[in-house]
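*Asks:* Have a look at this one before I ask anything.
The values are calculated or read from the model by the stated rules, or taken from the named source; none is laboratory data. Predicted model only: the values in this text are computed from it and were never measured. Quick reminder, even Gly has a Cβ in these numbers, built from the backbone with ideal geometry, and neighbours come from all protein chains shown.
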Amino acid sequence: MKDFDSSRIYQILGDEFKNIYIVDCESQQIYAFKETLKLPGFSLCMNYDDAMNQYIDERVYEKNRDMLRMALSFDSLYARLEKSEHFNIHYQSKSDTEVHFMYTHFGRIMEGNKLTQIIIGFANEDLDIRRNNLDMMDNTIVPNGLRRKVLIVEDNEINREILKVTLEDDYEVLEAVNGEEGLKILSQNYKDISIILLDVVMPICDGFEFLNRQKSDSLLANVPVIVTTGNNSQEDELKCLGLGAVDFITKPYNARIVKSRIDSVIKLRESSMTLAAIEKDELTALFTRQAFYHHARTFINFISNENCYVIVLDIADFKLINGTYGTKKANEVLVYLANAFRYYGKNGLLTRYEGDQLLGLFHSNDKLQVEKIEKNLNKIVEEAPIPNIRIKMGIYENIDKSLQIPIICDRALIAVKSISKDFKTNIAFFTSEMNQRLLAQRQMENDFKNAILNKEFKVYFQPKYDVKDEHIVGAEALVRWQKSDGELIPPGKFIPLFEKDGLVVQLDEYVFKSVCNFQHERIQNHLPVVPISINLSRASIHFNNVVERYVEIVKENDIPFACVPLELTESAALYSQQIAAIINQLVKAGFKLHMDDFGSGYSSLTSLNELKFTTVKLDKSLIDCINQNRGKKIVQQAIDLCHGLDLKVVAEGVETKEQRDCLKEMECDEIQGFYYSKPLNEEDFISLVSC
């Protein structure tokens, strides 16, 4: 390693820089003088341009790269330091998912009149800044209550004073008497300066040189410049505009024109900043969904004669990753997948569509890109930041361009959802069969409102029997959809759909009202009445005023609360403070609560302890195992546990005499299932109860 004069280097840079490098101008080799952060490229003794390019590629935010590459090539750097002792370059650096404001200080060592060494110091400009949104980092909109800053660069004191008086009521005014001083002030305050008013003719550093040097700095170049001059030369105006100025004002100044021009430029700049902020996702730097929708329609219209493809990448069990590894690691996985998607799908329009779903739109010329993503899916999984993740891929090819963009995207999502539970398959294509199912679901959603009005939803009753004397002691209300044209839609088709889209809240209340009306008529006519339980879905539990609505319906029908118990599925009853509050309100109002589907896969012991259920219903999956030794022990223990907590036990899904006999031996309280009765329509149920 070459010998360097430490005292001269620290005299030039001071000691605040964590990384300092020396470039030997004769060999154009770069050497580490002080190295704390191990920056890529510079960590080795190598050619300066190669080292700088490696650093820029690996650490500099992509929007700054091209400008930084041009400004910091060895030839540009050498020429600039021949004229100036030192200067700063501001830019944005990235590491993992974080972006930092950085600056690099360049200084020189001269031997006589010859530049022999270049000193480079790297520093984090603001250690407190930690922002994930790359586009928002470019500029900062001034918060409400703070005045925007305007920098006036003008050597003429009278003109400077005129501008200051014109603007100081509305802006905080900074002043510089020449371009060199102006660049220094800009370098120190560029994040806060909204606009620069720049005179062209000045000593030391004129307006043209100011614009040139400002343009070479990635961040300083973001501050708009209005050029002011007493010269009406069109050539000067074009030259300034070519160097990046946004507007031109001639002297003498007209206060209204000056204010109007400044206001227009600032509004335009801040509007573009706002658009940039909402266009890109904070974490992945891909388009947000709304920005994607906007650009996708333009994209499709532009290539109207070509086929298009939509791809969605979905991380399976992402909530589990969050819970196991933590949010930071989960975010790292998302950033990694976004970068892989960007790499293999270079020409696509890419978006973070949902929390853990990335989506891309490609045209037919990019079919190779689509195939490349398919081919490398396993590789993407293998190189992920955590092991054993599963990435599912849904593809909608040759899209129907007449559809709305959200519907087009939904088709790729439907494809990926079709394999969400399939551990063997990772890629699925949207098919005509999927489309038919989708159309059928849309039709059911469209028909729902009229079905409620026309009472097409029919309540069926499945009896519950006392195990000891085998008498009917209650029933569960179930719903069937009997369409006006005679078609019977099974609940397995419409209930999951309505749970997903929220229509189940209305359906739950419809069934509850129907059962309350039924019980009211029985009581009014002095007929036998047994409790009929009604299912309350998770969506209904969280619905506003559910307790008040259900209490009102009971009171309107003038019936006891005990004759309409409410069944909550085990998953819906998983304990939380919010659910506990609602359940306590229901109990306080007078409702009896049954826990449905106990043992279906969730841990409900906390719920049993904290929530005031009166009855537990053992899921059919437990009853199906009752003839096995281990299964029998599990059911017996569940019954004993519930009885120990003073809870009744209902076994549902009982289909055989052997199951019935076993449950009777275990002292189960009630049985529901096909062994005694299938769900009955109202007429048949009345006949059964009347016997």
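*Asks:* Out of all the residues in the stretch 391-417, which are touching a residue at least 24 places away in the same chain (Cβ under 8 Å), of a type outside the set (Phe, Trp, Tyr) and not in a helix (DSSP H, G or I)?
*Replies:* If the condition is that a residue be touching a residue at least 24 places away in the same chain (Cβ under 8 Å), of a type outside the set (Phe, Trp, Tyr) and not in a helix (DSSP H, G or I), then Ile391, Lys392, Met393, Gly394, Ile395, Glu397, Asn398, Ile399, Lys401 are the ones that fit.
*Asks:* Residue check: is Asp597 within 18 Å of Pro565 (Cβ to Cβ), modelled with pLDDT under 90 and either more than 37 Å from the chain's Cα centre (by Cα) or not in a helix (DSSP H, G or I) (or both)?
*Replies:* yes
*Asks:* From the list Ala475, Ala428, which one is in contact with a Ser or Thr (Cβ under 6 Å, 6 or more places away or on another chain), not in a helix (DSSP H, G or I) and not charged (D, E, K, R)?
*Replies:* The match here is Ala428.
*Asks:* In this structure, does Lys319 turn out to be under 20 Å from Leu413 (Cβ atoms) and in a loop (DSSP other than H, G, I, E, B)?
*Replies:* Considered against the rule, which asks whether it is under 20 Å from Leu413 (Cβ atoms) and in a loop (DSSP other than H, G, I, E, B), Lys319 comes out as no.
*Asks:* Also, quick follow-up: Out of the residues in the stretch 243-258 meeting the condition of being of a type outside the set (Val, Ile, Thr) and part of a loop (DSSP other than H, G, I, E, B), tell me which one is farthest from the chain's Cα centre (by Cα).
*Replies:* Pro252
*Asks:* Which residues, counting only those in the stretch 5-29, are within 15 Å of His105 (Cα to Cα) and in a strand (DSSP E or B)?
*Replies:* Within the stretch 5-29, Asn19, Ile20, Tyr21, Ile22, Val23 meet the criteria.
*Asks:* A further question on this structure: Just one of (1) under 16 Å from Val153 (Cβ atoms); (2) modelled with pLDDT of 80 or more trips up Gly230, so point out which.
*Replies:* Among (1) under 16 Å from Val153 (Cβ atoms); (2) modelled with pLDDT of 80 or more, the lone unmet condition for Gly230 is (2).
*Asks:* Another one. Looking only at the stretch 369-422, count every residue that is touching an Asp or Glu at 6+ places or on another chain (Cβ under 6 Å) and within 16 Å of Thr351 (Cβ to Cβ) and tell me the total.
*Replies:* 1
*Asks:* Still on this model: List the number of the failed condition for Arg522; all other conditions in (1) within 25 Å of Gln441 (Cα to Cα); (2) without any contact (Cβ under 8 Å) to a residue 12 or more places away in the chain; (3) crowded, with 17+ Cβ neighbours inside 10 Å; (4) not hydroxyl-bearing (Ser, Thr, Tyr) hold.
*Replies:* (1)
*Asks:* Answer yes or no as to whether Ser43 is at pLDDT 80 or above, more than 20 Å from Ser216 (Cβ to Cβ) and part of a loop (DSSP other than H, G, I, E, B).
*Replies:* So Ser43 does not fit the description; no.
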